[in-house]
Amino acid sequence: MIMESRENVEQMGIIFDMDGVIIDSNPLHIKAWRSVFEKENVFISDDDFSNIVSGTTGDTAIRTLLKRELTQDEVNHFNEAVDAEFRRMLTELNVGPVKGLRNFLERMRSAGHRIVVATSAPTKNVDMVMDKLQLREYFEFIIDRTRVTHGKPHPEIYLKTLEQIAIPDYRCVVFEDSLAGVKSAVGAGLRVIGVTTSHSAVELNAIGASLTIKDFDEVSAEHISTLMSTN
């Protein structure tokens, strides 16, 4: 195991997206979206999910997929239906954290770094994932969908995270898997490490990820410090 020491280590802000980063939940999300939208005679392809749905709050995706005028109440209904279906499947299936995550969190916490979450997921989904994986203790705070007006790729969620974590942006790094999420973090002036659970390294690098990993066995504090020291 790679060990990180508190000695001579400048505190960093380690910011995580949730779906596709903390938990490889995208297969469940695809099934949930398809289950709800099949009733509307809308088929969601893998490309549709990656390009329209993944990483966003859902409102824009719902309007785009249905291709008709919707009231906000109608949009909320579809969001809630998808989220409820996701939680139902998560309860029934054995889904774990992304490989190496728990050890990485332990190392970052032991080294004195601040660890937080910035996710487009709603509070109920966040609570279920954190409780199911027993990871809540590692995160100082969580900013979810309910805390922002504009979803990813708008940078609002990461700007709010920076304000709350109170560490300079050049001492923070974001782990993201979606194109919208990478754009959001880069738009807030943050360095991004892309996790290739949803998109290829080429795709993530093309929109601003500074580094990509398959899982958390591939990254250490030294990697992050080196990343922060580059222009």
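Rounded to the nearest 500, the 222 nm mean residue ellipticity of the chain from helices alone is -12500 deg cm²/dmol, with -39,500 (n - 2.57) taken per DSSP H run of at least 4 residues.
Which option, (i) 43; (ii) 47; (iii) 37, is the value of percent of Cα pairs over 25 Å apart that was calculated from these coordinates? After the calculation, the listed value that fits is (iii). The Rg/Rh ratio for segment 26-92, using Cα coordinates for both the radius of gyration and the Kirkwood hydrodynamic radius, is 0.93.
Loop-located trypsin sites (Lys or Arg not before Pro) in segment 42-96 (DSSP state not H, G, I, E or B) with no more than 13 neighbouring Cβ atoms inside 10 Å: Lys67, Arg68.
Where in segment 177-217 is the amide nitrogen less than 18 Å from a point lying 7 Å along the Cα-to-Cβ axis of Thr149? Counting backbone N atoms under 18 Å from the label point, the list is 188. Shape class for segment 52-170, computed from the alpha carbon gyration tensor (a ≥ b ≥ c): oblate, with a/c not under 1.5 and a/b at or below b/c. Label point 7 Å out from Glu40 along Cα-to-Cβ: which residues of segment 66-87 have amide N under 17 Å? Within reach of a label on Glu40, which here means backbone N under 17 Å from a point 7 Å along Cα→Cβ, segment 66-87 contributes 66-86. Here the relative contact order of segment 23-153, from alpha carbon pairs under 8 Å that lie six or more residues apart, stands at 28 percent.
With each label modelled as a point 7 angstrom along the Cα→C-beta vector, the Leu227-Lys124 pair spans 3.3 nm. Inter-label distance, Asn205 to Ala84: 4.4 nm, where each label sits 7 Å from its Cα along the C-beta direction. Helix 26-38 and the long axis of the chain differ in direction by around 10°, with both axes built from C-alpha atoms.
Every number in this text was worked out from the coordinates using simple rules, so none of it is lab data. Nothing here was measured: the structure is a model prediction, and the numbers come from that model. Glycine also receives a Cβ, built like all others from the backbone with ideal geometry; neighbour counts cover every protein chain displayed.
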